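J.: Before I ask anything, let me first share the structure, which is written out below as structure tokens.
The values are calculated or read from the model by the stated rules, or taken from the named source; none is laboratory data. On a predicted model such as this, the values are computed, not experimentally measured, just so you know. Cβ: placed from backbone, ideal geometry, glycine included. Neighbour counts: every protein chain shown. All accessible areas refer to the heavy atoms of the entire protein, side chains included, with ligands and DNA or RNA removed. Shrake-Rupley method; radii C 1.70, N 1.55, O 1.52, S 1.80 Å.
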Amino acid sequence: MPAEPVDLRRLLADARGRSVLVVGDLMLDHFVIGRVDRISPEAPVPVVQFDHESFRLGGAANVAHNLAALGGQVEIAGVVGNDPEGSRLIAALRTAGIGIGAVIADKDRCTTRKLRVVTTRNQQVARIDYECDRAVDGDLEAALVKKIRAAAAHAHVILISDYQKGTITRTTAQAAIEAAKAKGVPSLVDPKVPHIDYYAGAGLITPNHHEAEAVTLQRIRNSEEARGAAVRFRERAQCASVLITRGEHGMWLLGEGEFDLPAEAREVSDVTGAGDTVIAAIALGLAAGGSLRDAARLANRAAGLAVARFGPVAITAEELAAAL
């Protein structure tokens, strides 16, 4: 029989100060917000009257931001462009208290930036992506592997956040996973389907249900199908455990046992970045010494808070503690 669930408030408190290394694709989320009251005479598109703009950490940087907000000590490894957006992203990481010693600025690529045009009522009108998704290779890949191995020496958990923008290759993924094994700490992966073979040996992979369906070639319409997909996903990815996030249907966890976790969200505003919140909370729960089941319960609560707000957000330890 599985052990009784622990007090999640105690688990969250124990996570404070635990060290997590995030390896992945760093992004800058750029929001241009304005009012819409007419359609353009030039084309059937809305005219957005500019009001203000904002920038947020995105991709792996949003995972790191969530970890820091929840009380973790965070180092991030990845690549940015040698450009103003890269400088802005690095400055934002510093402001959030995230270590940037393993971030490399590459003059041959641009920083990934997602520019979203949004109305004052939080309706997205358009998105423009600035990116170079060429896989790192040669000297750049070797330098990143060296940074990952050095930063891993201080980590209680190593987390891969793959957005398929070039940072995660088979070599960089295996460097992170092998470093975790050598240190005896958990390794977690937020995956991308085309890279499924990169993650062999990982402790936990957290696909959403679309990704799980794509990897297993089977539909997930209920808990029983989620169970079958999790088993097949684990075999295909060659990992120890699988957590399938199922939106309003909650999560299915396959580890040493099997657990169906119902969704905690009471209001859904925007699911952007919810997966980042999930894997960040699981990482801290494991870093604090919690079981995988209890770490997933903690993540489920955190995700319920994240989807109630617009855009990628970092849930704080205080917010999560109040919800618990």
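J.: From the protein chains alone at 1.4 Å, what is the descending order of accessible area for C132, C110, largest first?
T.: Largest accessible area first, the residues go C110, C132.
J.: Under the Karplus relation 6.51 cos²θ - 1.76 cosθ + 1.60, θ = phi - 60°, what is the ordered set of whole-Hz ³J(HN,Hα) values for segment 25-41, x standing for Gly and Pro?
T.: 8, 7, 9, 10, 9, 10, 10, 10, 10, x, 9, 10, 9, 7, 9, 5, x
J.: Separate question: Taking all protein chains as present, what is the carbon and sulfur share of the accessible area of the chain, in % to the nearest whole number, probe 1.4 Å?
T.: Ligands and nucleic acids excluded, carbon and sulfur give 48 percent.
J.: Over 18 Å, how big is the tail of the calculated P(r) for segment 80-197, in percent of all Cα pairs?
T.: That fraction is 60 percent.
J.: What accessible area, in Å² to the nearest ten, does a 1.4 Å probe give for D14?
T.: It works out to around 70 Å².
J.: Can you give the Rg to Rh ratio of segment 198-257, both from alpha-carbon atoms, with Rh computed by the Kirkwood formula?
T.: When Rh is taken as the Kirkwood radius, the ratio is 0.92.
J.: Give me the base-10 log of I(q)/I(0) for segment 1-123 at each q in 0.09, 0.14, 0.15 Å⁻¹, Debye formula, one uniform scatterer per Cα, rounded to two decimals.
T.: -0.39, -0.73, -0.78
J.: Shifting gears a bit: Counting each pair of different Cα atoms once, what's the Kirkwood radius of the chain in Å, rounded to one decimal?
T.: 19.9 Å
J.: Another question, if that's okay. Quick one: length gained pulling R35 to S87 fully straight, 0.36 nm per residue minus the C-alpha distance?
T.: Stretched out fully, the R35 to S87 stretch lengthens by 15.8 nm.
J.: Taking segment 180-324 on its own, what percent of its Cα-Cα pair distances exceed 21 Å?
T.: 39 percent
J.: Same structure, new question: Note down the relative contact order for segment 180-247 as a percent, whole number, built from C-alpha pairs under 8 angstrom at least six residues apart.
T.: 35 percent
J.: Could I ask something else about it? Checking the cross-link filter: which aspartates and glutamates have an alpha carbon closer than 15 Å to that of K147, excluding same-chain neighbours under 8 positions apart?
T.: List returned: D25, E75, D106, D137, D139, E178.
J.: Right, another one. How do the peptides 121-130, 135-144, 173-182, 290-299 rank, highest first, by the average count of neighbouring beta carbon atoms within 10 Å per residue?
T.: Sorting 121-130, 135-144, 173-182, 290-299 by mean packing, highest first, produces 290-299, 173-182, 135-144, 121-130.
J.: Here's another thing I want to ask about it. Give me the accessible area per residue for segment 1-141, probe 1.4 Å, as a whole number in Å².
T.: Counting only protein heavy atoms, the per-residue value for segment 1-141 is 51 Å².
J.: Further, regarding this structure: Using helices alone, I'd like the mean residue ellipticity at 222 nm for the chain: each DSSP H run of four-plus residues gives -39500 (n - 2.57), total over residue count, nearest 500.
T.: -11500 deg cm²/dmol, from helical runs alone.
J.: A follow-up question, please. When the Kirkwood radius is taken over all Cα pairs of segment 136-252, what Stokes-Einstein diffusion coefficient follows at 20 °C and 1.002 mPa s, in µm²/s?
T.: It diffuses with D of about 146 µm²/s by this estimate.
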